[in-house]
Each structure stands twice: as C-alpha cells, then as structure tokens.
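Rule-based calculations on the coordinates, nothing more; no lab input. Predicted model, so just to flag it, every value in this text is computed and none were measured. For neighbour counting, all protein chains shown are included, and Cβ atoms are generated from backbone atoms with ideal geometry for every residue, glycine included.
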Amino acid sequence: MSNLAVTAIEVLIFPGILFLTSYALYCNWINRKFAARLQNRIGPLHTGWNGILQPFADVIKLLANEDITPASANKTLFLLTPIIIFALPLAALFVIPIQSLSNLWSYAPVAAFEGDLIVVLFLLTIMILFIFLGGWSSASRFGAVGAERAALMMIAYEIPLGLVAISPAIMAGSMSLNKIVEWEVSSFANFLAAPSLPGILLGVTLLIGAGIYVICLLAELEMRPFDISEAETEIVHGWQVEYSGKKLALLHLGHEFKLVLAAALLTSLFLGGPAGPWPIPPIVWFVAKTTVCVFILSNLSVLFARFRIDQMLSWAWKYLVPLAVLQVMAVIVLSGVI
Amino acid sequence: MSEREYIIPIGPQHPALKEPENFLFKVDGEIVVDVEPRIGYNHRGIEKAMESRTYIQNLYIVERVCGICSNAHQTAYTQCVEEVLGMEIPERSKYIRVFVQELERIHSHLLWLGVAAHEIGFDTLFYYIWRDREVVMDLLEMVSGNRCNYAMPTIGGVRRDISKENFPMYHKMLDTLHERTLYYLGVCASEKTILERAAGVGVTSKADAIRLSAAGPTARASGVESDIRKDSPYLIYDEIPFKMYTETGGDVLSNVLVRVNETMEAAKICKWVLDNIPDGPIKEKFSPMSRVPEGEAVSLVEAQRGELIHYLQSRGENKPYRYKIRAPTLGNILTVIEKLKGGYIADIPIVLAGIDPCFSCTDRMVFVDEGKDRMWDMNGDQLRRYGIRWYEK
C-alpha cells in the first residue's frame, strides 16, 4: 500500500473523519444518557439499542429541516459561522494521538508537529470568536446578548485554560501533544519503579491542574453551570437562536466534536493519552479514557444551577486564574527538582 | 431612549413563560432599565360565558379558569352561590373541600418550585421535584378521580366522598411528601449556586408590597402578614391549627422559603383533616334548573397564589346576572416591575416565575384610546380583522 493511500485512510476513515464523527455522536449519546440517569430520567430510548442512534437521527432530521436566514442578518458571516464551528474542532482532533494504522500496539496522531498544542489552544480561541460573530451577525436581540456573553466568558476562562494546558508541556519539555503523552508514559513508569516525594507532589499538582482544566472545559463547551451564553430560559439559546436546518445541524455536530476534543485533550494532557498496559490496543484505551472524561463532564454539568455572567467573571478572576498561576509556578519549581 | 439602550421582548412566546404574555424590557447591556407588562394575550371571556349558562354548568366553566388552582376557583364560586341561596352545607363536605384545597396547594407549590429551579438552570432539582410531585398527583387522583380539574366542590357540598379505608395510605403518602419537601428545603437553603441566584434578587420591600397590592406568598415573602385563611376564615380554617409563614427578605429566596414551608404546613393540615373529619352527608340538594334568589355575594379564598376574589350578582334567574373574578396574579404582576428594575437580564425568568404567575386567570382586555378618552371592546371577528390589518401595515 502506498503512503498516500495510508494517509487517505487515516484522514478519511480511521482515525479520521468517519471514526471521529461516529465517536462524537457516541459521546453525545453517553453525555445525554448519563445526565438523564443522574436526573432520574430515561434519556434517549427508541432509536437503536437504548437510543444510541438518537444523536445521528437528530442530525439527519435537522438536515431535512427548513433553513431560514433572517432578512436583516449579515449573510456571509451567518453562513460562514456554522461551517467554521463544525470544521475547527475536527481539525484540532487530528493532532490528538489515537491509534497508529501500521502497528496495532502503538499510537500516533494523524498530523503531528512540534507546537501543535499551541495550535489547538489557538483553535479553541478562534471558535469563541466565531460564536461571537455568529450571534452578532444573526441580527437578533437574543443573539446579540448571547454573543456578548460568550465573549465575556472567554475573558474569564481563556487564561486558566491556556496556563494549565502548558504545565504538562513544561514537564515534557515539548509543545507537541504526542511527546507530552510519551513523557507521561515514561515518567509514570519511572515513578512506579522508584516512588519519590517530588513525584507525588507533581502528581498532586497535575491533578489540581486537571481540575481547573475540567472547569474551563465546562465553560468552553457551554455546559452547566456555564451555559450562560445559550441560557435557554433567559435568552432562548442565545447566539444560536436564529440558526435552523442544515446550519443548526452543523452547529450541533461542531458542538459534539468539541465535546470529543475536550475529553481527548483532558486524556492527552493529564491521563496518559491512548497509552495503557499491553495487550489492549491504544484505541480501546483512548475510547475508555475519553468516555470517563465525558462522564466527569456530564456529571458536573447536572450538579449546579447556572451562574450569572457577572458572578462567573468575578469568580473566575478571583479564584480560577490565581489558582492556575500558582499551579504553573508549582510545576516550574518541581520541574527543577525532578 | 439613549443609544446604549434597546428593548428585549419577553413573550408572548418565550421558554421562561408557561403562558402567553408580553413584557418589554428596556435594557442597557445586561442591566434592566425599565419594564412594561402587557397583558391580554389569553383572554377567554369566561365571565361573559358564565352569564349565559346555568349555575350547574358554570361549576365546570369556573373550574377551567385555571388548571392549577381549579379547586380554589370552584370553592370560591360555590361559596358565592351558597351565600346567595342562604344554604348551610354539611360539615363533612367542608372538611373534604379543605382537604382537596390543601392537596392542590401542595401540588401547585411543588410545581412552582420545580419551575423556579428550571428557570435558574438547575434542571436536576426540577426533575427530582416533579418526580416527587407525582405522589400528590396520585393522591388527588385517588380522592377525586382526576389529576387536575378535580370537580370536587358542587353547589351544596362535594361530589365525592373520601373513604375511611384509604386513610392510612393517604397518611403515608402525606408523610412522604412532608419528608421530601423538608429535604428540598435543606437543598434550597444551603446549595451555593441556588443562593447565588436567589438571595437578594428581585427584592420587593414591605411598603412596596402593600402599595402595589401584592397577594399571597409574594406578599408574605415581603413580610406582609396576609392570608385569607387567617384574616377572614372560610370553611373550617378557623378550627385548624396551622402556622402562617412570613419572610422579611422579599427576594426570590424568601419566596422559595415561604412556599416550601407552606407546602409542609399544607401536608400537616391534610393530616389534621383526615384525623378530625366527622361522619355525615356530603351534600345538600340543588337541582340543575333551580333559580337563585335575588342578591349578591363576594367570596374570598386563599388560592395557592394569593387572595382570590369572586363576585356574584343574581336577579332571581337560573343564570348569574353578573359574575366577576379577580385572580391573585393581577395583584402580583405590578411587583414584577419593581423587582426587575436595575436587575440583570439573567434574573428576568426567575423573578417573573418568582411571583408564580398564572396569566390566563388574570387576563382581561379592553381597548382604550387615551387621547380620545374612549373605551370599547371587540368580538372575535373584529379582533381577527384588526390583527390582520395590524400586520399588513
């Protein structure tokens, strides 16, 4: 098989677009079902086994719906936003190490280069920019309020999100997700062979970092208690309010990719990525670990009431940002010791 | 209006509102500057309809004024008619009316608590509360045969008796409700995100509550001691030992605490009724075509949302000459304006829901031309044509 064919399969089928799309729909189902059980509901039930095909059916149904563009909307931006919000998380997922095609027991990202972590963080920021533009261009008053809120929220959680993501990179001495995962695997093996106090301290610090990261991801994913920018009962889904039909389907798919990206980043940065004890292949570890991450995210999202935007901002700047800075400082100190 | 301000319309269709009504919010960024409530989207002409139907037919119309306080409306109506008739109803039927009324209060307050949790984005609490509310819905179904619109009170008594064999089961269900409500009281008073969203939000001072004629739990949350069950007892409320809860905060949290405490008190009243109910007949005779002598009557009932006023004028026919209903939401709706001025957009749903509005009971409409000092009404056809013309403009 030529190199080109392998790359084509990697990009299009596995672990590329086809796998990621079905996995995103699966994660959405897990999220919905788990949240429903926690809330004493049943959740999706009829489409496929225990409703596992429900997210897929929802997308198909939305694709068939009428697509309306408001008369006074900015047509170009209004059309562009769903496409970009769909494409960006998918693009970011290609640098996540999942599974190598040539060797069943090794993992490699589809496209990796030194500094891909920065690209992922950049893509996460750009997404919010497009959420803002999408809400603003829809020329709806609820859309404008939602867009404004999304931008304000970004100010609150963007800095801790970036800082905490850097801390494993500092330890690994690399800005490539693949190398960070490799460092995690080797240092964990070293620690098991010879446990030491700095090792334990580093583990605790990174655990705190993972906690901060989960909180920031909840905000990034617009899940409770940070679904401020689409608060259904307040501003009727905020920036998404004017989207319908195919555009809404793309937005939903993009959100589902974002959920997978969040879980995959959490896995790669703090949980050792797709690595795990032999003889289970990396893909199984990847699916298991990201599923656990989705469980954590959806569990947290049902525990709280929604924050108000001013409460969220003051809370993030008072506690989350200082904590993230302290965490990075602790990691830098520990990196000198180890 | 300054350049920074713009208007956000909430309703007639909005996820925070369970019934159609329109509020125009003038906002500056996230801050609400002014509120303009516009009622009249759900006017059904019930009062007029009642004037052309017999007293027994009206029993079922008046019940459908509101799905949630159906029993309160029916109780008020039967009291009016009985007063004009000079009829004394059997003692047992009074107990049964109180029993159903208090069960209805439990179901309404739990429903409200769930909706309030949903408005602040706490869906988990909403699902849990509505699951436990099923207990009281089942109880109501056992007692009356229906989950809402119970059709229990009738002119001269009640339509169905409650059987002594079921009392132990009723007691057990009421205990469950009391226990679960106590748990939610703990959750609402201690869960931090709820406190953040509810404490100090949408405040009405005691003076404002009195000035704007707030009623029921909304008034009691502001520290106004007003409860028709205490102030002018009807049925057997003067015999029942129960406590009136007031709070001084006037904010959403006080509203929650007053209603949750009232729910538990209502469960206690129900248990007291089951323990003390006397034996005897349940209704006096009133034939469907009976005429009611000339006279008029006003009846007050403490519905779940506050003071409910019914007025009946009879001219000796088998139909009322004039019937008038004032639902408590009409009194409470003005407090919303005061509560929301200076608040955040994010607080609009919870503050609106905080008064437990029931718009369709409240709705009334009349066309006013302020410049010409003219008032008139329209029938359905005229309204439709007016609407079409308005949209074509």
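Distance between the C-alpha centres of segment B:252-324 and segment B:348-375: 25 Å, rounded to the whole angstrom. Partner lysines whose Cα lies under 18 Å from the Cα of B:Lys339, excluding those fewer than 8 positions away in the same chain, are identified as B:Lys26, B:Lys206.
Roughly how many debye, to the nearest 20, is the charge dipole of segment A:68-337 about its Cα centre, given +1 on each Lys and Arg Cβ, -1 on each Asp and Glu Cβ, and no other charges?
Details: 12 positive and 15 negative charges, 39 e Å.
For segment A:68-337, the charge dipole is close to 180 debye.
Under the simplified labelling scheme, the A:Asn50-A:Trp317 pair shows an inter-label distance of 4.5 nm, with each label point 7 Å from Cα along Cα→Cβ. Converting phi to 3J(HN,Hα) with the Karplus coefficients 6.51, -1.76 and 1.60 and the offset θ = phi - 60°, segment B:266-272 yields 5, 4, 5, 4, 4, 5, 4 Hz in sequence order, with x at every glycine or proline. Considering every Cα-Cα pair within segment B:179-288, what fraction, in whole percent, is farther apart than 19 Å? Percentage above 19 Å: 56. Rounded to two decimals, the Cα-based Rg/Rh of segment A:208-275, with Kirkwood Rh, is 1.07. With all pairs of separate Cα atoms included, segment A:68-337 yields a Kirkwood hydrodynamic radius of 19.4 Å. Determine Rg/Rh for the protein assembly as shown; Rg is computed over alpha-carbon atoms and Rh is the Kirkwood hydrodynamic estimate from the same atoms. The Rg/Rh ratio comes out at 1.06.
Treating the Cα atoms of segment B:105-173 as identical point scatterers in vacuum, please give the log10 of the normalised Debye intensity I(q)/I(0) at q = 0.17, 0.22 Å⁻¹, two decimals. Treating every Cα as an identical point scatterer, log10 I(q)/I(0) equals -0.70, -0.94. In the elastic network of chain B, a GNM with C-alpha springs shorter than 10 Å, the most mobile of B:Gly343, B:Gly280, B:Gly216 is B:Gly280.
Going by alpha carbons, how many degrees (0 to 90, nearest 10) lie between the helix axis of A:197-220 and the longest principal axis of chain A? Once rounded, one gets 10 degrees. Straight-distance candidates among the lysines for linking to A:Lys247, with alpha-carbon spacing under 22 Å and chain neighbours fewer than 8 residues away dropped: A:Lys61, A:Lys75, A:Lys258.
Amide H contacts of B:Gly157: B:Glu284, each under 5 Å away and 5 or more positions distant or on a separate chain (H built 1.01 Å from N in the peptide plane; Pro and chain starts excluded). A convex hull fitted around the alpha carbon atoms of segment A:174-230 yields 98 Å³ per residue.
Extending 7 Å from the Cα toward the beta-carbon at both A:Ser72 and B:Ala207 defines two label points whose distance is 4.1 nm. Distances between placed amide hydrogens fall under 5 Å for B:Glu307 paired with B:Gly216, all partners being 5 or more residues away or on another chain. Rounded to the nearest Hz, the phi-derived 3J(HN,Hα) couplings of segment A:163-172 under the Karplus curve 6.51 cos²θ - 1.76 cosθ + 1.60 (θ = phi - 60°) are 4, 5, 5, 6, 4, x, 5, 4, 5, 6, where x marks glycine and proline. Against chain A, whose longest principal axis is taken from its Cα atoms, helix A:116-137 shows a tilt of about 10°.
Using a Förster radius of 25 Å, what is the FRET efficiency between A:Gln39 and A:Val284 based on their Cβ-Cβ separation? Nearest 0.05, please. Working from the Cβ atoms, E equals 0.25.
Positive end of the dipole of the protein assembly as shown (Cβ unit charges, origin at the Cα centre): among A:Leu129, A:Pro277, A:Val214, the Cα lying farthest that way belongs to A:Pro277. Among B:Gly354, A:Tyr26, A:Ile84, pick out the residue whose Cα is farthest towards the positive end of the charge dipole of the protein assembly as shown, where Lys and Arg carry +1 and Asp and Glu carry -1 on C-beta, about the Cα centre. Positive-end residue among those listed: A:Tyr26. Derived scalar couplings between HN and Hα for segment B:179-186 equal 5, 5, 5, 4, 4, 5, 4, x Hz in order, rounded to whole Hz, by the Karplus curve 6.51 cos²θ - 1.76 cosθ + 1.60 (θ = phi - 60°), x for Gly and Pro. Between B:Arg384 and B:Ile337, residue separation times 0.36 nm minus the direct Cα-Cα distance comes to 13.9 nm. Overall form of segment B:269-393: oblate. Here a/c, set by the Cα gyration tensor axes a ≥ b ≥ c, is 1.5 or more, and a/b is not larger than b/c.
If the chain linking A:Val292 and A:Val119 were pulled fully straight, counting 0.36 nm for each residue of separation and taking away their Cα-Cα distance, it would gain 59.8 nm. Over segment B:323-364, the fraction of Cα-Cα pairs per 10 Å bin, rounded to whole percents and listed from the shortest bin up, is 28, 49, 19, 4, 0. Given a Förster distance of 22 angstrom, what is the FRET efficiency for B:Lys243 paired with B:His171, based on the Cβ-Cβ distance and rounded to 0.05? Efficiency at R0 = 22 Å is approximately 0.60. Against the empirical curve 2.2 N^0.38 Å, the C-alpha radius of gyration of chain B lands at a ratio of 1.02. Entry note, the protein assembly as shown: the mean residue ellipticity at 222 nm calculated from DSSP H runs of n ≥ 4, each adding -39500 (n - 2.57), is -19000 deg cm²/dmol after division by the residues and rounding to the nearest 500.
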